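Have a look at the structure below, then the notes.
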Amino acid sequence: MDVKEILRMMVDAGASDLHIKAGSPPGLRVDGTLGPAEAPPLTEDDMNGIAEVLVPERLIEDFKNSIEVDFAFSVVDVGRFRVNAFRQQGQIGMAIRRVTVKELDIERLGLPPVLRTLAEESRGLVLVTGTAGSGKTTTLGAMINHINTARDGHIVTIEDPIEILHKDKKCMINQREIGIDTRDFAEALRHVVRQDPDVVLIGEMRDYETVQAALTAAEMGTLVLSTLHTIDASETIFRIIDFFPPHQHHQIQLMLASTLRGIVSMRLLPKIGGGQVAATEILVATATVRELIVENKISRLKEVIEQGEYYGMQSFDQSLISLFQSGRITMENAVAMSANAHDFKLKIRKLGIAEPS
């Protein structure tokens, strides 16, 4: 099978991810479940040929030296994809994720309306968090699209690699890729404030330098959007603080309190009828939230989130209950995805909602 044929098979199956290696048929992840495609096993020659076609020339030497490489590419009439190419047992393997090329819309994706409000902030830090494959990139793409259609300005994205391509609408958008347009996130962020940005999207905050630069840019009057691999708002704030040495923790708490605008944490669940749907925890940085951050009472944020419906906040449990009541997920999946199944069952009992058998 040639690479275009495999990718088309992936798209036709509605798969989010494709896994390929020698000795096995392609693996397709559909609605969160990975299984083999109805295709013959790929050979070592097949994998070598796919690598020759896909791996960009600038990364060939790195890959020959057994270094894993990340890149993105588009295929006409098929789609856009993000790839991690690696070696296992001396042979080539690849994990390929399909990236949407459709225009992303917050409402059509079923995301909470408060995301529009967060995207319309003139300055500050907005974070989208979750595990790998939880929809962070798609959500950020929808927020950028909303900004691009709602206001004039200059958007700079710094990504590794560029996944979703944006066209200029009301905004001018410059998308910079690590390894092609700049050396690394920290280097790009050192210069971005001189590029007159209104909005900066950072693909991922991975290290101390990137986090520090993001906070500084937000403090200087730019809207900064980024991601972290954290499961909820409390863990996100703890993680940011822990990037810094202990003697700086209080200073960072003060910076976060002044710059943070919101945290959107995501988990994907199987949707009734097929596909997946996102459960979201939403934290909006109110005066109470800022006070708790400064006073290092971050463990109390969950309580504030559950009581913050007026501001557009919601906990994961509240999101799961809403998804169940709207007929989008099963109660079994809601219970399984909740942080504490026992506490979740108590909540639904108090609400008079039927428990799973």
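The values are calculated or read from the model by the stated rules, or taken from the named source; none is laboratory data. These numbers come from a predicted model, not from an experiment. Note: ideal-geometry Cβ built from the backbone for every residue, glycine included; neighbour counts use all protein chains shown.
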Single residue of ILE329, ILE348, ILE293 found to be surrounded by 18 or more Cβ atoms within 10 Å (Cβ to Cβ) and in a loop (DSSP other than H, G, I, E, B): ILE329
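Could you please let me know if VAL156 is modelled with pLDDT under 95, β-branched (Val, Ile, Thr) and touching a strand residue (DSSP E or B) at 6+ places or on another chain (Cβ under 9 Å)?
Working: modelled with pLDDT under 95: no; β-branched (Val, Ile, Thr): yes; touching a strand residue (DSSP E or B) at 6+ places or on another chain (Cβ under 9 Å): yes.
Here the answer is no, as VAL156 does not meet what is asked.
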Picking from VAL264, VAL224, the residue that is touching a helix residue (DSSP H, G or I) at 6+ places or on another chain (Cβ under 6 Å) and either outside any loop (DSSP other than H, G, I, E, B) or outside the structural domain of THR138 (by TED's automatic domain parsing) (or both) would be VAL224
Of all residues in region 24-38 being at pLDDT 95 or above and among the small types (Gly, Ala, Ser), the one that is surrounded by the most Cβ atoms within 10 Å (Cβ to Cβ): ALA37
Is it true that SER326 is in contact with a Lys or Arg (Cβ under 9 Å, 6 or more places away or on another chain) and without any contact (Cβ under 8 Å) to a residue 40 or more places away in the chain? no
Might you let me know whether region 276-290 holds any residue that is assigned to a helix (DSSP H, G or I), farther than 30 Å from ARG108 by Cβ, more than 16 Å from the chain's Cα centre (by Cα) and in contact (Cβ under 8 Å) with a residue 24 or more places away in the chain? yes
